[in-house]
Amino acid sequence: MKALGLRRLSLDMALTFGREFFAGLLQLGIILFISRLLGPEGAGAYTVALLLPTLLFQLLNLGMASANVYFLASKQFSLTHV
């Protein structure tokens with residue numbers, strides 16, 4: 001594996017920070033647009049509509065993602081085995 005230089009690492013960190021900052025601004029813009037368009041009650045209904053599938057996914061996946069990370073990191077299973 002090739003060594004990662006400090007310059008490349010700094011560039012990657014700056015790009016990641018910029019992307020996350022832009023995503024946060026975009027989310028803020030979307031929230032402001034939805035709250036102005038729908039009003040307080042409509043924005044609340046929109047929030048519930050987004051939170052319900054997220055909650056169901058978290059409850060019904062039964063921790064499979066965390067279990068996969070644990071078993072792969074502990075080398076109990078290899079990626080070629082899966």
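When the chain is treated as a Gaussian network with alpha carbon springs shorter than 10 Å, the biggest mean-square fluctuation among PHE33, PHE22, PHE71 belongs to PHE71.
The dipole here belongs to the chain: it is taken about the Cα centre, uses +1 on the Cβ of Lys and Arg and -1 on the Cβ of Asp and Glu, and is about 420 debye.
The stretch between LEU15 and TYR70 holds 16.9 nm of extra length on full extension. This uses 0.36 nm per residue minus the Cα-Cα distance.
Axis angle, to the nearest 10 degrees, between helix 64-73 and the longest C-alpha principal axis of the chain: 20 degrees. Based on DSSP H segments of at least four residues, each scored -39500 (n - 2.57), the chain has a per-residue ellipticity at 222 nm of -29000 deg cm²/dmol. Loop sites here are trypsin sites (Lys or Arg not before Pro) outside DSSP states H, G, I, E and B with no more than 16 other Cβ atoms within 10 Å. The longest part of the chain free of them is 3-74.
Any read-out appearing in this document is the output of simple, stated calculations on the displayed coordinates, not a laboratory observation. Keep in mind that what you see is a predicted model, and the values were worked out from it rather than measured. Reconstructed Cβ throughout: ideal geometry from the backbone, glycine too, with neighbour counts over all protein chains shown.
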